[in-house]
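Read through the structure below, which is laid out as structure tokens, and then see the notes.
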Amino acid sequence: MFCVYIHVPFCKKVCDYCDFRVMPSQSKIFAEYTDLLCKQIVSFEGGNPGLLASARTLYLGGGTPSELPAEFLHRIFECLASVGLDISKLNEVSMEFNPESTSRQSVQNAVELGVNRISLGIQTFDANLLKLVGRSHSVEAGLEALNLLTCTSNLQVNADLMFDLPGQTVEGFLADVDRLSDFPLNHVSFYGLNVSPRSRLGHRVDRGELAVNEDLYEPMYMSGVEILKRKGFERYEVSNFARPGFESAHNQNYWNRGEYAGFGPGAHSYLHAVRYYAPEIYPRWRDYVKSGCPESMLSFDRLRREDEIMELLWLSLRQSRGISTEDLEKMGIALDKSVCERWISKGFLKHGNLSNLLQSKSCLRLEGRGWIFMDDIVTDLANTYSNLE
């Protein structure tokens, strides 16, 4: 499956934990950004005629796409239509929103453009924590946005939470999960805080002003999973939970190593087994587009066989479907049975009904605390596989 991603780099305010290539909203460059983005899309179509028309999903992420005024969103969608991407025929059209830019008008504009799935960044219902991590919205704004979105017809809604924030308690996070999952949502995501040393929050942690209690990560995660399970949400990826049939098709394409094209500053693409991305800093991206999008200005990540194997293991095991012997055979490898059995004996992995891991159609999946130790398990498997003759 082929998908399209558009990066909108604007936020009302850059959160203290953020290390993405985003920038505070500047209305004076919205028009310039839109012009450049459309030029990049048209340039891609010229080099890959007909490919954009084959897309099955579209995702507008950021940043905060809902910060972009309607007139510029309309121009982006018109550009996509001009290169053959028929929005009405896509399986999924997603757009990220934040509460501070969620209004009846902004939601209606998105729906009229063909958006059928909105992902809302809530992060927490604790006012003190929102302030601590530099979020722009209030608890009240988050609740109003949730009510508005979940009352909008023909719209799938996801909401995001974060956990293991500085000063957050297990009880506080579980109260957030409980409260959020009481809304009529069909998808919930929650992510453990990753403190980047480049972020403002990272600097405060380095100075000892704030601390993250890593011992709370496991009880928060495991108990949060249980709450969502009781309320009908199935974990289909380590951080993503959906009612049956409402999984994110776009994200699943990433995890299944499908192809995609990204547009905007620093947006990543994966085509013909090659990963690459445009300049990340806005002025450099502007120069890249104005220069005609030359390949010489792209950054490439040509995967070695070892990289592909690690990626297959990591992306497969992070999903509830796990990794099958068919996946392994296509890659030309077999996992070390003794290593698998060791993790199975710990209760961290499980396999299908077949007793022989090497038999056709067997499947290996994370189990129990294995979701917490996923990186260790993947590393162990990647260091001990053998090549098939």
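Where a number appears in this text, it was derived from the coordinates with a stated rule and is not lab data. Given the structure is predicted, the values throughout are model-derived calculations rather than measurements. Cβ atoms come from the backbone with ideal geometry, glycine included; neighbour counts cover every protein chain shown.
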task: Give the percent of DSSP beta bridges with both residues in the chain that are antiparallel, rounded to the nearest 5.
output: 40
- prompt: Stretch residue 281-residue 74 to full length: gain in nm at 0.36 nm per residue minus the Cα-Cα span?
  reply: 72.1 nm
- prompt: In nm, to one decimal, how far is the residue 150 label point from the residue 81 one, both placed 7 Å along Cα→Cβ?
  reply: 3.3
- line: The pairs in 89/231; 13/290; 330/350 lying past 25 Å Cα-Cα in this model are 89/231; 13/290
message: Of 47, 195, 205, which is farthest towards the positive pole of the chain's charge dipole, taken about the Cα centre with +1 and -1 on the beta-carbons of Lys, Arg and Asp, Glu respectively?
response: 47
Charge dipole magnitude, Cβ of K and R +1, D and E -1 - region 215-288, Cα centre, debye nearest 20: 180
- prompt: What is the dipole size for region 305-387, taken about its Cα centre, with +1 at each Lys and Arg Cβ and -1 at each Asp and Glu Cβ, in debye to the nearest 20?
  reply: 400
message: Please give me the summed charge of the neighbours of residue 276: other residues whose Cβ is under 13 Å from its Cβ, Lys and Arg +1, Asp and Glu -1.
response: -2
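Let's see if you can work this out: charge +1 on each Lys and Arg Cβ, -1 on each Asp and Glu Cβ, no other charges. What is the dipole magnitude of the chain about its Cα centre, in debye to the nearest 20? Can you show the working numbers first?
Working: 40 positive and 50 negative charges, 65 e Å.
In total the dipole reaches around 320 debye.
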- request: Determine, from the Cβ-Cβ distance of residue 256 and residue 127 and an R0 of 30 Å, the FRET efficiency 1/(1 + (r/R0)^6), rounded to the nearest 0.05.
  value: 0.15
- prompt: How many nm is it between the label spots at residue 53 and residue 342, if each spot is 7 Å from the Cα in line with the beta carbon?
  reply: 5.4
message: Which residue, 116, 253, 161, has the largest displacement toward the positive end of the dipole of the chain when charges sit on each Cβ (Lys, Arg +1; Asp, Glu -1)?
response: 116
statement: Of 210, 60, 366, the most mobile residue in a GNM of the chain (C-alpha springs, cutoff 10 Å) is 210
field: Set of aspartates and glutamates near residue 131 by C-alpha distance (under 13 Å), chain-local residues within fewer than 8 positions excluded
entry: 16
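Near residue 34, within a Cβ-to-Cβ distance under 15 Å, what is the net charge of the other residues, with Lys and Arg +1 and Asp and Glu -1? Can you show the working numbers first?
Values: positive: 28, 39, 75, 286, 290; negative: 32, 35, 67, 71, 78.
Taking every other residue near residue 34 into account, the sum is 0.
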- line: For region 305-387, whose charge dipole is built from +1 on Lys and Arg Cβ atoms and -1 on Asp and Glu Cβ atoms, the candidate among 325, 387, 344 with its Cα farthest towards the positive end is 344
task: Take the Cβ-Cβ distance between residue 231 and residue 108 as r, set R0 to 30 Å, and report the resulting FRET efficiency rounded to the nearest 0.05.
output: 0.55
- request: Determine, for each peptide in 127-136, 4-13, 47-56, the mean count of other beta carbons within 10 angstrom over its residues, then list the peptides with the highest first.
  value: 4-13, 127-136, 47-56
message: Take residue 171 and residue 243, extend 7 Å from each Cα along the Cα→Cβ direction, and tell me the distance between the two endpoints in nm.
response: 3.1
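Give me the net charge of residue 90's neighbourhood, meaning all other residues with Cβ under 11 Å from the Cβ of residue 90; Lys, Arg count +1, Asp, Glu -1.
+1
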- request: Give me the number: length gained by fully extending residue 214 to residue 20, i.e. 0.36 nm times residue separation minus the C-alpha to C-alpha distance, one decimal in nm.
  value: 67.6 nm
